1. For a quick check: sort 95, 19 by the number of other beta carbons within 10 angstrom, fewest at the front.
2. At what distance in nm do the modelled label points of residue 97 and residue 35 sit from each other, each positioned 7 Å from its Cα along Cα→Cβ?
3. Using the 10 angstrom Cβ neighbour count as an exposure proxy, how do 101, 110 rank, fewest first?
4. Give me the percent of DSSP beta bridges within the chain that run antiparallel, rounded to the nearest 5.
5. When a/c reaches 1.5 or more, the comparison of a/b and b/c decides; with that in mind, is the chain rounded, prolate or oblate per its Cα gyration tensor?
6. Using alpha-carbon pairs under 8 Å, 6+ residues apart, how would you state the relative contact order of the range 3-114 in percent?
7. Return the single residue from 20, 58, 29 with maximal mean-square fluctuation; model: Gaussian network over the chain, springs between Cα atoms under 10 Å.
8. What distance in nm separates the simple spin-label points at residue 10 and residue 107, each placed 7 Å from Cα in the Cβ direction?
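Values quoted throughout were computed directly from the atomic coordinates according to the rules given, and no laboratory measurement underlies them. In this text the structure is predicted, and so the values were computed from the model without any measurement. With ideal geometry, Cβ positions are generated from the backbone for all residues, glycine too; neighbour counts draw on all protein chains shown.
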């Protein structure tokens, strides 16, 4: 199972969980700990399918998402779960690490660009 398949599978699970039909259930189940970042929120929902917090920490170190990008993603995911606003998540390949967030009253869209 390569990175492309794993990424596609994760994105699908996130989009399903944060879909308008599921956001209320997702919001009720997601961690809202003050120090939780986007990765913690996704992990708390079981979407990474990692066996433990230690595995999440290893995954986080391997990912290497720039701290500013992770902070922006965290704000978007927090806004989604705290206010039950559906969220759409995409990961794209590009020449520079980036994150783009667009919002409306009915949808938060997050595009994470990774240098692969």
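1. 95, 19
2. The two pseudo-label positions are separated by 2.1 nm.
3. Taking fewest neighbouring Cβ atoms as first place, the list is 101, 110.
4. Values: 6 of 13 bridges.
Antiparallel bridges make up about 45 percent of those DSSP assigns within the chain.
5. rounded
6. Working: 148 pairs, mean separation 29.9, N = 112.
Relative contact order comes out at 27 percent.
7. For the chain, modelled as a Gaussian network with Cα springs under 10 Å, the answer is 58.
8. 2.3 nm
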